[in-house]
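Each remark here refers to the structure printed beneath this line.
The values are calculated or read from the model by the stated rules, or taken from the named source; none is laboratory data. None of these values were measured; they are calculated from a predicted model. Quick reminder, even Gly has a Cβ in these numbers, built from the backbone with ideal geometry, and neighbours come from all protein chains shown.
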Amino acid sequence: MINADVIAKSNDTASEKLNADYTALGEHLDRRGIDIAAIKSKVASYGVAVPSWGVGTGGTRFARFPAAGEPRDIFDKLSDCGLIHQLTRATPSVSLHIPWDAQPAADLNSKAEEVGLSFDAMNSNTFQDQPDQAHSYKFGSLAHTDAATRQQAVDHNIACIELGAQLGSKALTIWVGDGSNFPGQTNFTRQFERYLDAAKQVYNALPDDWTLLTEHKMYEPAFYSTVVQDWGTNLLIAQQMGDKAKCLVDLGHHAPNVNIEMIVARLTQFGKLGGFHFNDSKYGDDDLDTGSIDPYRLFLVFNELVDAETNPDFNPTHMLDQSHNVTDPIESLMVSATEVQRAYAQALLVDRTALAGFQDENDALMATTTLKHGFRTDVEPILAMARLENGGAIDPVAAYRASGYRARVGSERPAVSGAGGGIV
Ligand SMILES: [Mn+2]
C-alpha cells in the first residue's frame, strides 16, 4: 500500500484536464439521451477479482524471468493486491489458489482486512504434485483411473471449500488438466464418467449458498484430448451436478475465432453462466493482458452481460486470469481491471431499444452500427472520475510509478530464484 499523499499529488496534476474531459463527455452523452452520472455510478460499483497468483511474474514452459520484489507468500500477494485496489478501486476481492496460498484462516482474514480486500472464489489445484501427497496427478486427478488418486483430489477440493467457508468465499472453481496425449490412451466415456462421479462428491460437500464453478479449456497440459474441453462438456457437468453448479468461461480457453459472446448468451439463457476469467489470446492459451489483443471481443462479451443484467438472479463472478511475463504484474493487473471496466461502460452505452428495433427489422447495418457506437465512445473520463471519487488514482500506473513501491518491496523481499520452471 502507498501513502495517500502520493495519490493526491498525482491526482492534482491530472484533475483539471479530467474535469474538462468529463464535462465534454457528459454533454455528448446527454445529446444521446444518456445520463453520464448513472453510467459512472454503475462503473464505480463494478468490481473484478484479482487472482493471487497474478501478482507474481508468470512464465512459460521455457523460462520465467522474475522481477524485483516478487511476493514471497500469500501475505505479500495480498499487499500487492491491496495496492491494486487502492489505486484502481476496481478490484475489491482476491481469488486464492490452494495449496499455494494455504494459511490459517484467521491470518488470511486479518491480512485481508488490513489491506481492504475480501475473498472471491477458491481455486483448487490437482494439476501438479505437492511434496507431501501420496498419489501423483501425472495421469489425471478427478478422472484418474485409480480410485485412491481420485479420492485424494476430491478430499483436496473439499478442504478448499472448508477453508473458503472461513474466509467468506462463496464459490469453488475447479479446473483439471486431466486428458490424454495419445489417441487410444484413454477411453473418453469411462474417463468422463469417473470425472462426473468424483465431481459429484465435491458438489455434495458444498454449503447451500455456494456455487461450484467448472472451467473448460480446449487443451494443455493434455494435448490430444481434455476431459473438460469446451462449453458443451462444461454445460453437461453443470446439468449433471445440480442447481449450485455453473460454468466458468475463461476467454483464453477456446480455439481462435470462437464466438465466445454467443457461448455467454447460451449459458446465460439457461441459467448456467457462473463466472469469467478475463484475459486475452492471439493463438492459444496465451493468458495475455485483458483487452490487449481484441478489445472489441471483450466489449461484445460485456454487451451480452449487460443484456442479462435485468435478471436479478444473474450474478456471475468476474476475475482476471492472466500471466505477466514482460510487464510489472501490478501495472498489468491495474490496466486490465480498467479494461474490463471500460468494456462494461461501453456496453452500458448501447441503445438497446434501438438495437432491438433494428434486429426485428433485419437491418443488419444499423444494428451493428448501434453496437459500434457504444464501443467507439471514449469512456476514459467516466472510469477516471469513478476512481477519483472513490479515493483512487486518475492515472493508476503514473501514481504507482511515482510511489516507488516496486523499489521498496524489491529491497524488502529477497529475490526469488529464476531457476524454476514456468507456471503456465
Ligand atoms: Mn482460468
Candidates Glu389, Glu309, filtered to the one that is surrounded by fewer than 24 Cβ atoms within 10 Å (Cβ to Cβ), over 25 Å from Tyr283 (Cα atoms), at pLDDT below 95 and not hydrophobic (A, V, I, L, M, F, W, C) | Glu309
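Here's the yes/no breakdown for (1) within 14 Å of the chain's Cα centre (by Cα); (2) hydroxyl-bearing (Ser, Thr, Tyr); (3) within 13 Å of the ligand (Cβ to nearest atom); (4) over 27 Å from Leu206 (Cβ atoms):
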residue	(1), (2), (3), (4)
Asp230	no, no, no, no
Gln240	no, no, no, no
Asn257	no, no, no, yes
Ile263	no, no, no, no
Lys272	no, no, no, no
Phe276	yes, no, yes, no
Asn279	yes, no, yes, no
Ser292	no, yes, no, yes
All positions within region 206-217 that are in a loop (DSSP other than H, G, I, E, B) and within 12 Å of the ligand (Cβ to nearest atom) | His216, Lys217
From the list Ala159, Ala143, Ala165, Ala134, which one is within 19 Å of Ala102 (Cβ to Cβ), more than 16 Å from the ligand (Cβ to nearest atom) and touching a helix residue (DSSP H, G or I) at 6+ places or on another chain (Cβ under 7 Å)?
-> Ala134
For region 177-196, indicate whether the set of residues that are of a type in the set (D, E, K, R), away from the ligand (no atom under 16 Å from the Cβ), in contact (Cβ under 8 Å) with a residue 24 or more places away in the chain and touching a Pro at 6+ places or on another chain (Cβ under 9 Å) is non-empty.
-> no
In this structure, is Ile74 out of contact with any Pro (no Cβ under 6 Å at 6 or more places or on another chain) and in contact (Cβ under 8 Å) with a residue 60 or more places away in the chain?
-> no
From the list Ser45, Ser10, pick out the single residue that is surrounded by fewer than 19 Cβ atoms within 10 Å (Cβ to Cβ) and polar (S, T, N, Q).
-> Ser45
Take region 264-287 and flag every residue that is closer than 27 Å to His373 by Cβ and buried (at least 21 other Cβ atoms within 10 Å of the Cβ).
-> Val264, Leu267, Leu273, Phe276, Phe278, Asn279, Asp280, Ser281
What is the number of the single condition among (1) outside any loop (DSSP other than H, G, I, E, B); (2) within 20 Å of Val48 (Cα to Cα) that Asp101 does not meet?
-> (1)
Which members of region 232-263 meet the condition of being surrounded by fewer than 23 Cβ atoms within 10 Å (Cβ to Cβ) and part of a helix (DSSP H, G or I)?
-> Gly232, Thr233, Leu235, Leu236, Gln239, Gln240, Met241, Ile260, Glu261, Met262, Ile263
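With under 22 Å from Ala37 (Cβ atoms) and surrounded by 23 or more Cβ atoms within 10 Å (Cβ to Cβ) as the only criterion, which of Gln322, Gln341 stands out?
None of the other options fit; the residue is Gln341.
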Name, by its number, the condition in (1) in contact with a Ser or Thr (Cβ under 7 Å, 6 or more places away or on another chain); (2) over 25 Å from Thr189 (Cβ atoms); (3) within 16 Å of the ligand (Cβ to nearest atom) that does not hold for Lys246.
-> (2)
